[in-house]
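Take a look at the structure below.
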Amino acid sequence: MSVPVADCQFADVAMLPSSRPPLTDNRPPTTDNSLQATRLGKRYGARVVFKNLDFAVSNGCVAAILGANGAGKSTLLRLSAGLLRPDAGEIKFRTAQNEISGGKLREICGLSAPDAPVYRELTCFENLEFFAQARGVDFSETALLLQLEKFALRARRHDLAGDLSSGLRARLQLAVATLHAPPLLLLDEPSANLDDAGRALLKRVLEEQRARGLALVATNDSRDLELCDARIEVR
């Protein structure tokens, strides 16, 4: 199934109605990149989380992952990030040149989640500096400060992450996840602790992500669905 407006392709994935205006012809050209799952399955011990899950999400699309508590939304994000291994099937990030799977997915994704690693004993600036170094990316002090400013955190650059409110810590997680401009962005319950200003930042993040890649958003929040183009349901 091909959807020209959002440049999305899906198997067993439903499109969501969008209030956004259609993309114009002067948008940046998309590539052949996509995240594809084939007969994907995961279990924890005797409990089957999901099985035979098939989908494909292409560049320029933000897809919501929906399901009841415990259905496997966060598990699917972690499989997409290469942090878990599937028990059946496969999940790959495909480009025109190659396929990326397993632990290599960590190199091309950005993950923001309630339990994502933001170090409470480091300042906001030090967290960005640490994760930039961990990825082997050389950012100047000015570039890191600009990233903090983008998320309205520059004034808090010397504050310990552990001293931030839950909402500001969520902003810091988004700043870390998008620092290296990943082609694959993975967000777990991104609106959980954000106020209206934070949600405006989230909307901008997803708009920017459409221009450079694709995103999966695990959520049961109807406000998040308004920011997405399609849904993947896990049961």
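Pop the C-beta distance of Asp115 and Glu207 into the FRET formula with R0 = 30 Å and round what comes out to the nearest 0.05. Computed FRET efficiency for Asp115 and Glu207: 0.70.
Give me the accessible area per residue for the stretch 120-206, probe 1.4 Å, as a whole number in Å². Don't skip to the answer; put the middle values down first.
On the way: 4040 Å² over 87 residues.
Per-residue value: 46 Å².
In plain terms, if you count all Cα to Cα distances in the chain and split them into 5 Å steps from zero, the share in each step is 1, 6, 14, 19, 19, 17, 12, 8, 3, 0, 0 percent. All other residues whose Cβ lies under 10 angstrom from that of Arg39 are scored, Lys and Arg at +1 and Asp and Glu at -1, for a net of -1. Stretching Asn193 away from Ser165 to a fully extended chain increases their span by 9.2 nm, per 0.36 nm per residue minus the current alpha-carbon distance. Of the residues Ala175, Leu194, Leu76, the one whose Cα sits farthest towards the positive end of the charge dipole of the chain is Leu76 (charges of +1 on Lys and Arg Cβ, -1 on Asp and Glu Cβ, taken about the Cα centre). Past the 19 angstrom mark, what percentage of all C-alpha to C-alpha distances in the stretch 47-122 do you count? Every Cα pair in the stretch 47-122 considered, those over 19 Å come to 42 percent. Please give me the summed charge of the neighbours of Arg94: other residues whose Cβ is under 13 Å from its Cβ, Lys and Arg +1, Asp and Glu -1. Here the count lands on -1.
Using 1/(1 + (r/R0)^6) with R0 = 22 angstrom and r between the beta carbons of Ala181 and Glu90, what's the FRET efficiency to the nearest 0.05? Walk me through the numbers before you get to the answer.
On the way: r = 26 Å, r/R0 = 1.18.
Once the sixth-power term is evaluated, E becomes 0.25.
Stokes-Einstein, applied to the Kirkwood radius of the stretch 139-235 over Cα pairs at a viscosity of 0.890 mPa s and 25 °C, places its translational diffusion at 173 µm² s⁻¹.
About its Cα centre, the dipole of the chain is roughly 480 debye, where the only charges are +1 on Lys and Arg Cβ and -1 on Asp and Glu Cβ.
Using the heavy atoms of the protein chains alone and a 1.4 angstrom probe, what is the accessible area of the stretch 27-100 per residue in square angstrom?
Values: 3470 Å² over 74 residues.
Result: 47 Å² per residue.
Of the heavy-atom accessible surface of the chain (probe 1.4 angstrom), what whole percent is carbon and sulfur?
Values: 5710 of 11630 Å².
The nonpolar share, carbon plus sulfur, comes to 49 percent.
For Phe125, neighbours were defined as the other residues whose beta-carbon sits under 13 Å from its Cβ, and their charges (Lys and Arg +1, Asp and Glu -1) total -2. Of the GluC sites (Glu not before Pro) found in the stretch 74-124, the ones in coil according to DSSP and having at most 15 other Cβ atoms within 10 Å of their Cβ are Glu121.
Across all C-alpha atoms in the stretch 29-158, the radius of gyration and Dmax reach 17.4, 51 Å. Efficiency by 1/(1 + (r/R0)^6): what FRET value for Leu83 and Ala155, r their Cβ-Cβ distance, R0 = 45 Å, to the nearest 0.05? So the FRET efficiency works out to roughly 0.90.
The values are calculated or read from the model by the stated rules, or taken from the named source; none is laboratory data. Quantities reported herein were computed from a predicted structural model and do not represent experimental measurements. Because the Cβ atoms are built from the backbone with ideal geometry, glycine has one as well, and the counts that use them run over all protein chains shown. Heavy atoms of the whole protein, side chains included, go into the accessibility calculation; ligands, DNA and RNA do not. Shrake-Rupley method; radii C 1.70, N 1.55, O 1.52, S 1.80 Å.
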